[in-house]
1. Under unit Cβ charges (Lys, Arg +1; Asp, Glu -1), what dipole magnitude, rounded to 20 debye, does the chain have relative to its Cα centre?
2. Using the basic label-point model (7 angstrom from Cα toward the beta carbon), what is the Phe407 to Asn111 distance in nanometres?
3. Quick one: length gained pulling Leu418 to Val48 fully straight, 0.36 nm per residue minus the C-alpha distance?
4. Hey, what's the per residue convex hull volume over the C-alpha atoms of the stretch 205-483, in cubic angstrom?
5. Plugging the Kirkwood radius over Cα pairs into Stokes-Einstein for the stretch 249-353, at a temperature of 10 °C and a viscosity of 1.306 mPa s, what D comes out in µm²/s?
6. Taking θ as phi - 60°, what are the ³J(HN,Hα) couplings along the stretch 228-235 by the Karplus curve (6.51, -1.76, 1.60), each to the nearest whole Hz, with x for Gly and Pro?
7. Just going by the charge dipole of the stretch 145-245, with Lys and Arg at +1 and Asp and Glu at -1 on Cβ, which of Cys173, Tyr146, Ile223 is farthest out on the positive end?
8. Can you spot the aspartates and glutamates whose alpha carbon is less than 17 Å from Lys163's alpha carbon? Ignore those fewer than 8 places along the same chain.
Amino acid sequence: MVFSSHIFLFYFLPLALGVYYLAPRRLRHLALTLVSYVFYGWANPYFVFLMFGSTVFSYCCGMIIAHGFHGWRNEVQALPKGEPRTTLQRRALIASVTCSLLALGVFKYFNFALDNYNGLMAALGLDALQWKNFLRITLPLGISFYTFHCISYIVDVYRGDAKVVSNFTDFSCYIAMFPQLVAGPIIRYREIAYQLQGRAYTFEKFSRGVTFISLGMAKKILIANACGKVADTCFGAGAVSTLDAWYGMFAYTFQIYFDFSAYSDMAIGLGLMLGFVFPKNFDSPYLSQSITEFWRRWHLSLSFFLRDYLYVPLGGNRKGERRTYVNLATVMLLGGLWHGAAWNFVIWGGIHGTMLAFERTQGKESFYHNAPRLIRTALTFLIVCFAWVFFRAPDLPAALAYLQSLFGLGAAQDGMYLIRGLIYQPYYVLAMLLAVIVVWTAPQTWDFTRKLTWPKAAWCLVLLIISLLILTTQSYNPFIYFIF
């Protein structure tokens, strides 16, 4: 179920909060874990077993790293940093990370690998070696996110950045917590470890959580869904005019931002209502003046995860200029592939990785960095928009065809102008204008809710009511990041 649905808002959420707050404090993690498993199993109950298995294995490996095979019930402090680890500890780390990545690889990339293998065999004229009747694997919801949570936990314990969780229920709560379970944000274990030991429940925190949810609902229902309809129409058409192609590209650029930032807002809000404080996940990314700055503002939880658990272990910028560029490219290519098992996502990651490396080579002496702020922001925004074409298009040929349409090189087809009656409806145009205003002038939800006042609360209540009323009339209500 999605957060912006009647069944979640009017049935699941009140029930989950009731179960959570009526339970004794010592049983609240158990209560939250159980309702989270119900939430996760709503789409497919069988996926619950995979997540539970990953949780058990990561928990056991963490205990081995901290305690060895003995004394599991004894509380210990975090492992000392800088000291060498034993062979047993290293093996437990490798086993946990390998199994987590193996599960992710099989369920997320098996079909991709199979399709590419069959395509290669066909190109070589070896059709007899194709696996045409081989099994296909369904992608479990949220596997990318809870896998990263398992990796974050085991690495933080091994490095000594956090102490092991001796209570299995507490660890299960961290992995399965429904606000961030299926689409993030990615909560690194070190960021929440102390909150699992104890946290405050205050009216101010709960109120801020409700405000986060209200603003997230408004961004999702009033802007993201409308922009999404325009983007789907343009990208789904056989051919579009140059003007329509640009309109559709901008529509998707706004859709993915408002869709995912809305989900992050609601996840943070739900966490606050449960007593948890999750970190900010977006910081006005389309105001960035470079791609480097963009990744300091966009999907912050993923950026920090890739930095701390991939870029730094690869050597970061500590092994010379050439190695740094290789590390940047590797991280972004893998980051693109993490978003989806398709070459489109690899190219998207490659574009960002190339720009990150290019900006690093140029330093502060190039035109790109010395141009007026408006030019830098506009240029960065256009680069991001062009990259989103690969992210949105169903396959690589479709992405290339759409890029041709952007520059007037697409083949004209009968009826290609008929879609204008659909995409330029007043409601969609108004939503696009509202998106522009919010992106470049409005404060971030995190900052807006930092200090609540009665006028702010009233304004958020009005937006929530309007969003709920419009929700009753909408049949189009996807969440983009559910598929990643």
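Just so you know, all these numbers are worked out from the coordinates, no wet-lab data involved. Only a predicted model underlies this, so the values are computations on that prediction, with no experimental measurement involved. Every residue, glycine among them, receives a Cβ derived from its backbone with ideal geometry; neighbour counts consider all protein chains shown.
1. Here the size comes out at about 1260 debye.
2. According to this spin-label approximation, the distance is 3.3 nm.
3. Computed gain between Leu418 and Val48 is 128.6 nm.
4. Details: hull volume 41.3 nm³, N = 279.
Value for the stretch 205-483: 148 Å³ per residue.
5. D = 105 µm²/s.
6. For the stretch 228-235, the Karplus-derived couplings read x, 5, 5, 4, 4, 5, 5, 6 Hz, x marking Gly and Pro.
7. The residue sitting farthest along the positive end of the dipole is Cys173.
8. Hits, sequence-local ones excluded: Glu75, Glu83, Glu191.
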